[in-house]
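The values are calculated or read from the model by the stated rules, or taken from the named source; none is laboratory data. All values reported here derive from a predicted model rather than from experimental measurement. No Cβ is skipped: glycine too gets one built from the backbone with ideal geometry, and neighbour counts run over all protein chains shown.
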Amino acid sequence: MKYNPDIHQRRSIRLRGYDYTQAGAYFVTICTQNRECLFGKIVDGEMVLTDAGRVVQEYWDDIPAHFPRIELDEFVAMPNHIHGIVVITDGRGTACRRGTACRVPTVERFGQPVSGSIPTIIRSFKSAVTKRVNELRRTPGAGLWQRNYYEHIVRNDDSLNRIRKYIINNPAQWELDRENPARTKNIFPLPKNDS
């Protein structure tokens, strides 16, 4: 069915009017469908990847080969989600400062992808990983990811460093992670508030 704006009212969680091709750093989180733990498990605070997890890592690392203005920063595949920092450069290998126009703004709309934008990059990544993981699992056409993803525009170096630390420490914090299905089943008791 062709996209019809009068019928299809899919709400975007992207920042309205923001140019997602703009140079800068973007913190991205993508969860698996139904939070299914497909990419590995945490052993002694370290992520041990499954074959599907290795596909995720390989395809993430390959993003700059398909999008020339992209550089990658910290990344981690968790059992049922990934965290990564995608950096869009100004074409000279450096990210522009927030508020500095590096190119003509382009705003992506549903059904109209914009080359080199964060939504297009993530859509391409999710699609390629899904196809390959489904080949491995012999589950053609099965969904792998949740419908959307979360992104945060990194606004300064302090924020970037906090996010890097969060990504690096994520496997060691798995027992407390809200994406951990065992936590939601209260297998890991949460600390009591003594106040």
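Each residue in the stretch 61-72 was checked for being surrounded by fewer than 18 Cβ atoms within 10 Å (Cβ to Cβ) and either within 12 Å of the chain's Cα centre (by Cα) or of a type in the set (A, V, I, L, M) (or both), and 3 of them qualify.
Among the candidates 52, 95, the residue that is on the phi < 0 side of the Ramachandran plot, among the small types (Gly, Ala, Ser) and at pLDDT below 95 is uniquely 95. What residue, of 27, 39, is closer than 17 Å to residue 169 by Cβ, aromatic (Phe, Trp, Tyr) and either touching a residue at least 24 places away in the same chain (Cβ under 8 Å) or touching a Leu at 6+ places or on another chain (Cβ under 8 Å) (or both)? When all the criteria are applied, what remains is 27.
The number of residues in the stretch 120-161 that are touching a residue at least 12 places away in the same chain (Cβ under 8 Å), surrounded by fewer than 15 Cβ atoms within 10 Å (Cβ to Cβ), farther than 24 Å from residue 25 by Cα and among the charged types (D, E, K, R) comes to 1. Among the residues of the stretch 152-186, those that are within 22 Å of residue 133 (Cβ to Cβ) and in contact with a helix residue (DSSP H, G or I) (Cβ under 8 Å, 6 or more places away or on another chain) comprise 177, 179, 180, 181. Looking across the stretch 162-174, the residues that are in a helix (DSSP H, G or I) and touching a residue at least 24 places away in the same chain (Cβ under 8 Å) come down to 163, 164, 166, 167, 168, 171, 172, 174. Screening 39, 75 for residues that are within 15 Å of the chain's Cα centre (by Cα), surrounded by fewer than 19 Cβ atoms within 10 Å (Cβ to Cβ), modelled with pLDDT of 95 or more and among the aromatic types (Phe, Trp, Tyr) leaves exactly one candidate, 75.
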